[in-house]
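A quick write-up on the structure given underneath.
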Amino acid sequence: MNVRKFIAKTSREALHMVRNELGEDAVILSNRKVADGIEIVALPQAELAGIEAGRSSQAKQVSSAAISGSRAGQAAMQAPAAAETSSIVLEQQDILGEIKSMRDMLQDQLACLTWSDMQQRDPAKTKILRNLLNAGFSPALSRQLLDKMPAGGDMGWMRQVLQNNLRVATTEDDVVVRGGVYALVGPTGVGKTTTTAKLAARAVVRYGADKVALITTDSYRIGAYEQLRIYGKILGVAVHAVRDSEDLRLTLSALKHKHLVLIDTIGMGQRDSRVSSQAEMLDGSGAKRLLLLNATSSGDTLDDVVRMYSGAGIIGCIPTKLDEAVTLGTVLDVVIRRKLKLHYIANGQRVPEDLHEVNQEYLLHRALKSVDRNSAFTVDELEFPALMGGAGKAEMRGEYAI
């Protein structure tokens, strides 16, 4: 094997030498401190590929020998040689597995060393990254934005970049102004019925009760229709209940003279098999969908909700329960990464007071304000390298406006 040894004063310099000599795909075999600095032992990727090719070739030879021996009636004579070759192949597989495991472990260690080195060289930049993480933004998004931050960049620059990437519906896109048929969708308890009533109230103030209609498809939850009916009675708006696609189509046909029709849908978990059938029913009726996101949910949960509820009919989202969320970074992170358009924000139960037009500066000010250092979820300086060392494996999509 063409194993090479590289020694430099820092791990960054040693890693740079490895990449220059052996390429970006070099396999790191060891990394340790020596008297002269850091020693890295590495192997070209081609060598590893050669081992894999040899293993595949020998495996084919074993199979071929066994078949040939069987057909020729020489199984007894071929068995010892085949067993010996098989043992060699298994041994090489074990070695290859150990090399791959060692490579993954050392790459993680090198990533940790790189971030530790950055903490020492650029503490101001590291502080910005810690602020983003403690505000609820994901390591994946934080790392990508930090990589693009120019020399001398500060938290003001980062706030501006985040603001540039928060997509907000224009006045022309406002569902109340534009009118049409819109369904509010999302998991159970996210606030669909209350938000439906809030939007209806804004439309009633602007166009009158006779120009607005409400529909509910929720025939499962006890009192669901009654709750919306009470809101409708207060607003002077008619409320209709539908059971299936045909019922929805006929009801919408009868309401085509209305300026705005809002559909309150059944709350269901994002992994519920009915999510797709609900989307098909709404799309088939011509209704556009607004996805409601619970600002108190974790990032992984919100990502899953967006993924399972996504589709061509989704025109944007409305974050809810902002009054209950300690930090807003998580929901804003998902909105930015998934390139969703913000239509409104909801921060309470009052109708219609607790529905607001999007103010990017307010959202980011609240998201980036100081986080309680005593929180169990605050990233500590000692934990920072390990956390960011693994962040490079996260999947990122698209480019961001800088």
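Just so you know, all these numbers are worked out from the coordinates, no wet-lab data involved. Only a predicted model underlies this, so the values are computations on that prediction, with no experimental measurement involved. No Cβ is skipped: glycine too gets one built from the backbone with ideal geometry, and neighbour counts run over all protein chains shown.
What to note about this one:
- Over 25 Å between alpha carbons, listed pairs Lys341/Lys369; Lys125/Lys321; Lys288/Lys369; Lys258/Lys321; Lys127/Lys339; Lys256/Lys288: Lys125/Lys321; Lys288/Lys369; Lys258/Lys321; Lys127/Lys339
- Taking Phe6, Phe137 and counting other C-beta atoms within 10 Å, the order from fewest to most: Phe6, Phe137
- Among Tyr362, Tyr207, Tyr344, the ranking by other beta carbons within 10 Å of each residue's beta carbon, starting with the fewest, stands as Tyr362, Tyr207, Tyr344.
- Pairwise FRET efficiency - Lys125 versus Val205, Cβ, R0 = 56 Å, nearest 0.05: 0.70
- Val41-Gln349 pseudo-label distance in nm [points 7 Å out on the Cα-to-Cβ vector]: 6.6
- A dipole drawn for segment 167-357 from +1 and -1 charges on Cβ atoms has a positive end, and of Asn347, Ala169, Val334 the residue lying farthest that way is Ala169.
- Quotient of Cα Rg and 2.2 N^0.38 Å for segment 320-364, N being how many residues it contains: 1.14
- Order of Met149, Met158 under a 10 Å beta carbon neighbour criterion, fewest first: Met149, Met158
- Share of alpha-carbon pairs per 10 Å distance bin for segment 167-315, given as whole %: 11, 43, 37, 9, 0
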